[in-house]
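Take a look at the structure set out below.
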Amino acid sequence: MFCASALIGSVLPANALEPTLDSASIDACLQSAKETPEHCIGVFYKSCIDTREGSTTAGMGECAARETAVWQNKIDATLKQLLDGPLGKTEAQPWNRPSENRRERPVPGTDILNDMEKTWVAWRAKKCDAMAMQAEGGSLSRVIYGFCVYDETARHALWLQALVDDTTPK
């Protein structure tokens, strides 16, 4: 099974992937904002950068990495649900694939989901790299990159959760 946390290791400091209490504020927000979960993106980051340690460029990077790790953990759990659920068990037919994803034979849904996740990780890195070029040559570039990574990771986590919710029998 593909694990996106292994790929994100090059973006985050090693200690950012350790289990922490950082998810508490995001989880509380998600519980109270069920209709608008996107409002929870940045909840931890914003409180983190309001501290003395978080207000520096390095601190902002650490805060972004910690928020990213929370959302990445959600992606990993949700992706496991997708792989083990109806979509993962689907045998996707070649005649029903779009031209960008042409297949020669039926393919397990797990292959499509894993391919999607690998492609998304690469897309996020390229998007955030392009976004960070706005401040190329300065430390703000790293801040922009970190912000972009946690923002895109959170949006992807929410999208995957919606996909699980839509495909889970009720």
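The values are calculated or read from the model by the stated rules, or taken from the named source; none is laboratory data. If you're wondering where the values come from, they're calculated on a predicted model, not measured in any experiment. Heads up, the Cβs are rebuilt from the backbone with ideal geometry, glycines too, and the neighbour counts pull from every protein chain shown.
In the stretch 75-101, what residues are assigned to a helix (DSSP H, G or I) and either touching a strand residue (DSSP E or B) at 6+ places or on another chain (Cβ under 6 Å) or free of Cβ contacts under 8 Å to residues at least 40 places away in the same chain (or both)? Let's see the steps before the verdict.
First pass over the stretch 75-101, keeping only residues assigned to a helix (DSSP H, G or I): 75-84, 86-89, 94-96, 99-101.
A77, D84, G88, K89, P94, W95, N96, S99, E100, N101 - these are the residues of the stretch 75-101 that are assigned to a helix (DSSP H, G or I) and either touching a strand residue (DSSP E or B) at 6+ places or on another chain (Cβ under 6 Å) or free of Cβ contacts under 8 Å to residues at least 40 places away in the same chain (or both).
For the stretch 1-54, give me each residue that is at pLDDT below 50, in contact with a Lys or Arg (Cβ under 8 Å, 6 or more places away or on another chain) and outside any helix (DSSP H, G or I).
M1, F2
Do the conditions hold for T68, that is, is it within 14 Å of the chain's Cα centre (by Cα), touching a residue at least 12 places away in the same chain (Cβ under 8 Å), surrounded by 12 or more Cβ atoms within 10 Å (Cβ to Cβ) and in a helix (DSSP H, G or I)?
Values: within 14 Å of the chain's Cα centre (by Cα): yes; touching a residue at least 12 places away in the same chain (Cβ under 8 Å): yes; surrounded by 12 or more Cβ atoms within 10 Å (Cβ to Cβ): yes; in a helix (DSSP H, G or I): yes.
Criteria met by T68.
Quick one: is K127 under 28 Å from C29 (Cβ atoms), surrounded by fewer than 17 Cβ atoms within 10 Å (Cβ to Cβ) and within 15 Å of the chain's Cα centre (by Cα)? Talk me through it step by step, then tell me what you get.
Working: under 28 Å from C29 (Cβ atoms): yes; surrounded by fewer than 17 Cβ atoms within 10 Å (Cβ to Cβ): yes; within 15 Å of the chain's Cα centre (by Cα): yes.
Considered against the rule, which asks whether it is under 28 Å from C29 (Cβ atoms), surrounded by fewer than 17 Cβ atoms within 10 Å (Cβ to Cβ) and within 15 Å of the chain's Cα centre (by Cα), K127 comes out as yes.
Which of (1) surrounded by 12 or more Cβ atoms within 10 Å (Cβ to Cβ); (2) out of contact with any Asp or Glu (no Cβ under 9 Å at 6 or more places or on another chain); (3) not aromatic (F, W, Y) does E104 not meet, given it meets every other one?
(1) is the only condition that E104 fails.
Table: residues versus (1) touching a Pro at 6+ places or on another chain (Cβ under 7 Å); (2) of a type outside the set (A, V, I, L, M, F, W, C).
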{"position": "W71", "(1), (2)": "no, no"}
{"position": "A77", "(1), (2)": "no, no"}
{"position": "K89", "(1), (2)": "no, yes"}
{"position": "S99", "(1), (2)": "no, yes"}
{"position": "E104", "(1), (2)": "yes, yes"}
{"position": "I112", "(1), (2)": "no, no"}
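Hey, can you tell me all the residues within the stretch 50-74 that are touching an Asp or Glu at 6+ places or on another chain (Cβ under 8 Å) and under 16 Å from I26 (Cα atoms)? Even if it seems obvious, please write down each step before you answer.
Step one: list which residues in the stretch 50-74 are touching an Asp or Glu at 6+ places or on another chain (Cβ under 8 Å), which gives 53-54, 59, 62, 66-67, 69-70.
If the condition is that a residue be touching an Asp or Glu at 6+ places or on another chain (Cβ under 8 Å) and under 16 Å from I26 (Cα atoms), then R66, E67, A69, V70 are the ones that fit.
Answer yes or no: is there a residue in the stretch 85-99 that is surrounded by 13 or more Cβ atoms within 10 Å (Cβ to Cβ), within 19 Å of L140 (Cα to Cα) and touching a Gly at 6+ places or on another chain (Cβ under 8 Å).
no
Is it the case, given these coordinates, that E104 is at negative phi and outside any helix (DSSP H, G or I)? Give the derivation first.
Details: at negative phi: yes; outside any helix (DSSP H, G or I): yes.
Yes, satisfied.
Would you check which residues across the stretch 87-144 are of a type in the set (A, V, I, L, M) and under 30 Å from G59 (Cα atoms) and list them? Can you show your working first?
Let us first name the residues in the stretch 87-144 that are of a type in the set (A, V, I, L, M), namely 87, 92, 107, 112-113, 116, 121-122, 125, 130-133, 135, 140, 143-144.
Selection gives V121, A122, A125, A130, M131, A132, M133, A135, L140, V143, I144.
When K74 is evaluated against the numbered criteria (1) touching a Ser or Thr at 6+ places or on another chain (Cβ under 6 Å); (2) modelled with pLDDT of 95 or more, which criterion, by number, is the only one it fails?
So the condition that K74 fails would be (1).
List pairs: first in the stretch 114-131 and more than 20 Å from L83 (Cβ to Cβ) and of a type in the set (D, E), second at pLDDT 95 or above and part of a helix (DSSP H, G or I), Cβ under 8 Å, 6+ apart or cross-chain?
Note: pairs meeting the criteria are D129/Y145.
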